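Some notes on the structure that comes next.
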Amino acid sequence: MLIVISFAFLGIGNTLMQVSLNPLLTVFVKGDKLASTLTLGQFVKAFDSLFAPYIAIWGATKLGMWWILFVIYLVVGIIGYALLAFDKIDEPAPTPVPPPSAAVSSFCSPTTSCSCTSSAS
């Protein structure tokens, strides 16, 4: 049961890392370097996923602790969190969303007729 729970958390962490990479990098990297930086980030994630079983095998054979993989990932995660916590991230302000009535009126002009009716079937 511990193995299943451990690998479930590993998969959840991997998913969070993959999903959070794009929005974070778009704040730091601009222009034509964004695509290559995103590709490098996906490569690092894939490298991590590829070598996870080898780290677990090394821990099991050399140390008798297959779960050392999670300790290594925990240390790397804490270091990454600390580095991001000390870095100032200037997020752009969200653009205001117009109210729905303004969106509908932008499609209507004085020369066209707009009617919003629903038909019951």
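The values are calculated or read from the model by the stated rules, or taken from the named source; none is laboratory data. Given the structure is predicted, the values throughout are model-derived calculations rather than measurements. Cβ coordinates were reconstructed from backbone atoms using ideal geometry, including for glycine residues, and neighbour counts include every protein chain displayed. Accessible surface is based on the protein model in full, side chains and every heavy atom, while ligands, DNA and RNA are left aside. Shrake-Rupley method; radii C 1.70, N 1.55, O 1.52, S 1.80 Å.
Within the range 1-20, the set of residues being open to solvent by less than 50 Å² (accessible area, probe 1.4 Å) and not small (Gly, Ala, Ser) comprises Leu10, Asn14.
Is it true that some residue in the range 43-56 is open to solvent by 60 Å² or more (accessible area, probe 1.4 Å), at pLDDT below 80 and part of a helix (DSSP H, G or I)? No, the range 43-56 has no match at all.
Within this structure, Gly59 fails the test of being open to solvent by less than 50 Å² (accessible area, probe 1.4 Å) and under 18 Å from the mean Cα position of the chain (by Cα). Just so you know, in the range 62-85 the residues that are of a type in the set (Phe, Trp, Tyr) and assigned to a helix (DSSP H, G or I) include one that is surrounded by the most Cβ atoms within 10 Å (Cβ to Cβ), and it is Phe70.
The set of residues in the range 86-98 that are within 22 Å of the chain's Cα centre (by Cα) and open to solvent by 90 Å² or more (accessible area, probe 1.4 Å) comprises Phe86, Lys88, Asp90, Glu91, Pro92, Pro94, Thr95. Each residue in the range 21-32 was checked for being in a helix (DSSP H, G or I) and surrounded by fewer than 11 Cβ atoms within 10 Å (Cβ to Cβ), and 3 pass. Only one of (1) modelled with pLDDT of 80 or more; (2) more than 28 Å from Leu10 (Cα to Cα) is not met by Ile68, so which one is it? Failing condition for Ile68: (2).
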